[in-house]
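Single-structure report; data block below.
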Amino acid sequence: MTLLTFESKQFDIINEPRNDINLIFGHSLAEMLRQNFKQRGHETFDEVETEDWGWYFDTKIDGQNYMVGAIAFVDTHPETEEPVIDDEPIGFLVQFDKYRGWKDVLLGRNKLTPNDPVISITEAIIKSEVLDLQNYEREV
């Protein structure tokens, strides 16, 4: 599995919609990525969706369907459940999944690889749009 991690102060965590499944942040990053995928001509759903591990959107690239997920590592106030934001950059993680038909899954074909275009497109967006990008890493 390939993961992208970085730190930034650019995203407005405080005003994000709340995840209705778990108290996890990252909507603002997922939405920025979704909009950039759409601007680059890739099909996406109209909204970022919630998942128990964070936020995601689906996209289609070269006939392949992918999920792009985002998480912001933010503590919350124990009583108000509001995000606790200080002057330090926030850590983010982006993860990917490739939707495959049952035959591909059964036969172990068409798996997500570090060379899938969804990953390189996401990297390019992050590197061009996150103006205060810090500690960027690609974990394979």
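Laboratory data are not the source of any read-out in this text; all were calculated from the coordinates shown. Predicted model, so just to flag it, every value in this text is computed and none were measured. Every residue, glycine as well, gets a Cβ built from its backbone with ideal geometry; the counts of neighbours run over all protein chains shown.
Values for this structure:
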{"read-out": "Test: residue in region 60-75 that is more than 11 Å from the chain's Cα centre (by Cα), part of a helix (DSSP H, G or I) and closer than 19 Å to residue 5 by Cβ", "value": "no"}
{"read-out": "Of residues in region 38-57 being of a type in the set (D, E, K, R) and either closer than 18 Å to residue 128 by Cα or touching a residue at least 40 places away in the same chain (Cβ under 8 Å) (or both), the one surrounded by the fewest Cβ atoms within 10 Å (Cβ to Cβ)", "value": "40"}
{"read-out": "Positions within region 114-140 being surrounded by 10 or more Cβ atoms within 10 Å (Cβ to Cβ), free of Cβ contacts under 8 Å to residues at least 40 places away in the same chain and not small (Gly, Ala, Ser), in sequence order", "value": "127"}
{"read-out": "Residues of region 17-37 that turn out to be of a type outside the set (Val, Ile, Thr), part of a loop (DSSP other than H, G, I, E, B) and surrounded by 20 or more Cβ atoms within 10 Å (Cβ to Cβ), as a count", "value": "1"}
{"read-out": "Members of region 38-59 that are of a type outside the set (S, T, N, Q) and either outside any loop (DSSP other than H, G, I, E, B) or closer than 21 Å to residue 138 by Cα (or both)", "value": "38, 43, 49, 51, 53, 54, 55, 56, 57, 58"}
